[in-house]
C-alpha cells in the first residue's frame with residue numbers, strides 16, 4: 001500500500017501536469033475548487049485508495065479520461081457541492097457508465113476529500129498503511145483486542161469495532177488512535193462506582209439517566225446501578241486507552257488505521 | 001393427569017423458592033446460557049430462556065409470588081415504548097436480570113429487567129424488498145451461550161452478541177423478493193438454530209432450516225412440501241408443489257427424550273382455490289416431527305387436507321405428559337387448531353388420540369378415527385365457520401399442570417364466505433386464489449388483523465373468549481367471553497393464575513380453576529404477544545406488549 005501511495009504521488013504529478021496543460025489551453029477550473037487544507041490528510045489518503053480501487057479504470061489517475069469531466073480540475077457535469085458529489089457517487093448517473101455504489105459515509109468523506117484535492121495533494125507522507133499488518137498489530141503487539149472486539153473476537157470492555165470503518169471517517173479514526181481522550185465520545189466515559197458494600201466497579205458507561213446508570217464492567221458484565229444506592233460514582237474525562245504511539249511507530253499506526261477502515265460490519 | 005403432577009409440583013415449589021432468591025441476582029451475572037440450561041429451563045423460572053419459556057411450550061411458570069390474594073397489589077413497574085408503529089408481537093427473553101426484546105420490526109434491545117433501562121440497542125434496517133402478507137412483525141430472539149439469534153423480516157438470520165450488542169454473523173435464509181419473510185423467534189436445539197419461513201400467500205415452497213450457532217453455516221433444510229421422488233409428493237398434482245406455500249412461521253417445540261422437534265406448518269397456496277392443487281397437499285396444515293440433528297421427518301399429522309380456508313396449522317405445539325393408567329406415561333401433544341378442533345396426539349408417533357370442536361365448526365362434520373376431518377364444504381355464498389383467521393391462530397396457549405387444563409384464546413362464532421378463483425403465479429406477487437368475503441356484505445365490519453379504538457362490528461360477527469379445555473375429554477371447563485375477538489397469548493402460574501389480554505387493550509388476570517376475573521388493567525392498545533413472567537432480586541414481574549409498548553407489572557414493593 002505504500003507502493004500505492006507512491007504511485008498516487010506520481011499520478012498526482014501527471015494529473016497536475018494535465019491541469020497545467022488544460023489551463024494553458026484556456027479551460028476554466030470550477031469556481032468552487034477547494035484546497036488541501038480544508039480536508040483531513042487521512043481522509044484524502046483513504047479517498048485516494050478508494051479512487052484507485054473504484055474510479056481509476058474509467059477516470060484514470062489523472063481524473064480527466066472521461067469526456068467532459070476533469071476530476072482534478074474540478075470540472076463535473078452534475079455535482080457542485082460536496083453533498084451533491086456524495087449523492088452522485090452513491091446513486092451513479094443513470095444512462096451513463098457511472099454506476100451506483102454502496103459507499104459508507106466514511107468512504108464518501110474520503111472520496112470527496114481526495115477528489116477535491118487530487119490536483120495538488122502530497123501523498124508522500126504515510127498516514128494509511130498496510131491492512132494485513134494492521135490486523136496483525138491489532139490482535140498482537142498493539143494489544144487493541146485486549147479491550148476492543150471485532151466480529152466476536154476480543155474484549156468488550158471498550159467499544160466494538162466491527163463496523164467502525166463504516167461509521168467513522170479516516171481522519172476521525174486517526175485522531176482516535178493518536179489522541180484517545182480528545183476524541184472519546186461522552187457516552188463511553190470510564191466509570192468508577194463504589195457499591196454500598198464497598199465493592200468497586202470500573203467499566204465503560206453505556207447509558208445514564210437521572211436515577212440510574214448502565215455500564216459494562218471490567219469483567220464484561222452488564223451492570224445497571226441505582227445512583228442512590230452508590231457510595232461513590234465518578235465518570236472520568238480521560239480515556240483508558242493509551243495513544244497508539246505509546247506502543248507503535250508511525251508506520252504501524254498507519255497500518256492499524258488502514259485495518260480499521262476495512263471494518264464495515266456484516 | 002393433573003393429580004400426579006400436582007403433588008410433585010408442590011414439593012418442588014417449596015424447595016425451589018429459597019434457591020430462586022439466591023439465583024435471581026441483580027443484572028450483572030454473565031453466565032452462559034448453555035443447551036443444558038435450555039433443557040432445564042423449568043428449573044430456573046426466574047428466567048425466560050426460549051420463546052415459549054420451556055421446550056415443552058406450556059407457558060406455565062412456577063413463580064407464585066403473585067396470587068389471587070395479593071393480585072390487587074399489582075402495580076406498573078416500567079414501560080418500554082417502541083420507536084415503531086408496527087405491531088408488537090414479541091415475547092422477551094430474560095436471562096439473569098437482563099431482558100432481550102425485539103423492537104418492531106428487527107431491532108434488538110437489552111434492558112435492565114427491573115426498570116427498563118437500556119444497556120444497548122442493535123438496529124437493523126430490513127431491505128425494502130420485504131413485504132410480508134400480514135404486518136412487519138417479529139416475535140423475539142433466541143439465545144445460546146452469550147449469543148442472541150434474530151430472524152429478520154427480509155430473510156436473514158443474525159447472531160448478535162448478548163453482552164455487547166454487536167452482530168457476529170449474518171446468513172441469508174430466504175429471498176424476500178420471492179415473498180419469503182422471517183417473523184418467528186428462532187429455536188435453539190443443541191448447537192443449532194432452527195427457523196422456518198413465512199410467505200404462504202406468495203406461492204413459496206416452505207422450509208425449516210437449521211444453522212450452526214457458532215458460524216451461521218447451514219446444517220440442514222426440511223422442505224415442508226416433498227419434492228419429486230419423496231413420500232408425500234403425490235399429494236400435489238401437476239406442478240402445484242412448486243408454489244404450494246406451507247410456511248412455518250411460528251417457533252416449534254422440542255422433546256429431548258424423544259429427540260424430536262415439532263413444528264406447525266402453514267396453509268397451502270393458492271390459499272382459497274384448492275382446485276389448483278388437487279390432493280391432500282402434504283405437509284401443509286400439518287404438524288411435523290423432525291430429528292433436530294438432521295432435519296429428517298419422523299412423522300407428520302395433517303389437520304386439514306386440501307385446505308380451502310387458509311387454516312394454517314401454525315400454532316404452538318404444547319407438550320404434556322400424563323399417566324397412561326398402566327404405570328406408564330403418555331407423551332401427548334395438545335393442539336387447538338386454527339380449523340376449530342382441539343386435538344390430542346401421541347407425540348412419539350403422531351397417532352391421533354382425540355379431537356373435539358372448541359368453537360362452532362361447519363366446514364367438517366367431525367373427525368374420523370384417524371383424526372381426518374369429514375369435510376362438509378358450504379354452498380357458494382354461505383358462511384363457513386370458523387372464518388379465515390380461524391378458531392384460534394398463532395396466539396400462544398397454555399397448559400397448567402396444577403389444574404390439568406389447557407387454555408386457548410379463541411374467536412367464537414366468527415365466519416367467512418370463501419370465494420375461489422383461478423390464480424396465476426408470478427414470483428414475489430400474492431398468490432391467493434380468491435378471497436374470504438365478509439358474510440354481512442359490503443360496508444359492514446368484521447374482525448381482521450388489526451383494530452382501532454372503536455369496536456365497529458356487531459356481536460353477530462363473532463367475539464373472543466379464553467377457553468379452558470380438559471385435555472382428557474376435550475370438554476370445555478369454563479369460558480370467559482369478550483366483546484371483541486382476542487389475539488393474546490396466555491400464561492398460567494403455579495399460583496393458579498391465568499394472565500392474558502385482549503384486543504380491547506385489557507390486561508386481565510383470571511383464576512385458572514374457575515375463569516373468574518380477579519384483576520384487570522386497561523393498557524390502551526391491542527395485546528398480541530403472550531404475557532411472560534420472570535423474577536429479579538426476589539420480585540416477580542409479568543410483562544406483555546399492548547399497542548406499541550411493553551408493560552411490566554409487579555407487586556407493590
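Structural remarks
- Span per principal axis, largest first, for the Cα atoms of segment B:252-410 (Å): 51, 37, 28
- Using C-alpha pairs under 8 Å with a sequence gap of at least 6, the mean separation divided by the residue count of segment B:181-328 gives a relative contact order of 21 percent.
- The ratio of the alpha-carbon radius of gyration of segment A:122-266 to the globular-protein estimate 2.2 N^0.38 Å is 1.15.
- Burial ordering of A:195, A:177, fewest other beta-carbon atoms within 10 Å first: A:195, A:177
- Alpha-carbon centroids, segment B:379-413 and segment B:65-95: separation in whole Å: 24
- With a 10 Å cut-off around each Cβ of B:160-166, the average count of Cβ atoms from other chains is 6.
- Inter-centroid distance (Cα atoms) of segment B:314-358 relative to segment B:106-162, Å: 32
- Across all directions, the shadow cast by the convex hull of segment B:402-557 built on its C-alpha atoms averages 12.9 square nanometres.
- Share antiparallel - DSSP beta bridges, segment A:186-235, percent rounded to 5: 100
- For segment B:76-148, the fraction of C-alpha pairs more than 17 angstrom apart is 44%.
- Range of Cα positions in segment B:172-250 per principal axis (Å), largest first: 41, 26, 18
- At 0.890 mPa s and 25 °C, Stokes D of segment B:32-89 from Kirkwood alpha-carbon radius, µm² per second: 173
- Relative contact order (percent, whole number), segment A:186-235, Cα cutoff 8 Å, 6+ residue spacing: 38
- Cα radius of gyration and Dmax for segment B:89-196 (Å): 13.2, 42
- What the Kirkwood sum gives for segment B:465-552 is a hydrodynamic radius of 13.4 Å, with every pair of different alpha carbons counted.
- Order of A:58, A:144, B:134 - criterion: other Cβ atoms within 10 Å of each residue's Cβ, fewest first: A:58, B:134, A:144
- Debye-sum result for chain B in log10 I(q)/I(0), which assumes one identical scatterer on each alpha carbon, at q = 0.10, 0.11, 0.12, 0.13 Å⁻¹: -0.75, -0.93, -1.14, -1.37
- The eigenvalues of the Cα gyration tensor, multiplied by 5 and square-rooted, give segment A:186-235 an equivalent ellipsoid with semi-axes of 15, 13, 9 Å from largest to smallest.
- Chain B, relative contact order [Cα under 8 Å, separation at least 6], %: 15
- Ordering B:472, A:133 from the fewest to the most neighbouring beta carbons within 10 Å gives B:472, A:133.
- Relative pair counts by distance (%), Cα atoms of the protein assembly as shown, 20 Å bins: 15, 41, 29, 13, 1, 0
- Computed with the Debye formula from one identical point scatterer per Cα of segment B:384-472, without solvent, the log10 of I(q)/I(0) at q = 0.19, 0.21, 0.26 Å⁻¹ comes to -0.96, -1.05, -1.28.
- Kirkwood hydrodynamic radius of segment A:71-163, from the reciprocal of the average inverse Cα-Cα distance over all distinct pairs: 16.2 Å.
- Calculated translational diffusion coefficient of segment B:240-315 (37 °C, 0.692 mPa s; Stokes-Einstein with Kirkwood radius over alpha-carbon pairs) equals 262 µm²/s.
- Counting every C-alpha pair in segment A:59-215, the share spaced more than 28 angstrom apart comes to 43%.
- Over 22 Å [Cα-Cα, segment B:421-502], rounded percent: 51
- Helix B:2-23 and the longest principal axis of the Cα set of chain B meet at an angle near 50°.
- By the Stokes-Einstein formula, at 0.890 mPa s and 25 °C, segment B:509-555 with its Kirkwood radius over alpha-carbon pairs has D equal to 206 µm²/s.
- Spatially, segment B:538-557 and segment A:196-266 are offset by 31 Å when compared through their Cα centroids.
Bear in mind that the values in this text are calculations on the coordinates, not laboratory data. No experiment lies behind these values; they were computed from the predicted model shown. No Cβ is skipped: glycine too gets one built from the backbone with ideal geometry, and neighbour counts run over all protein chains shown.
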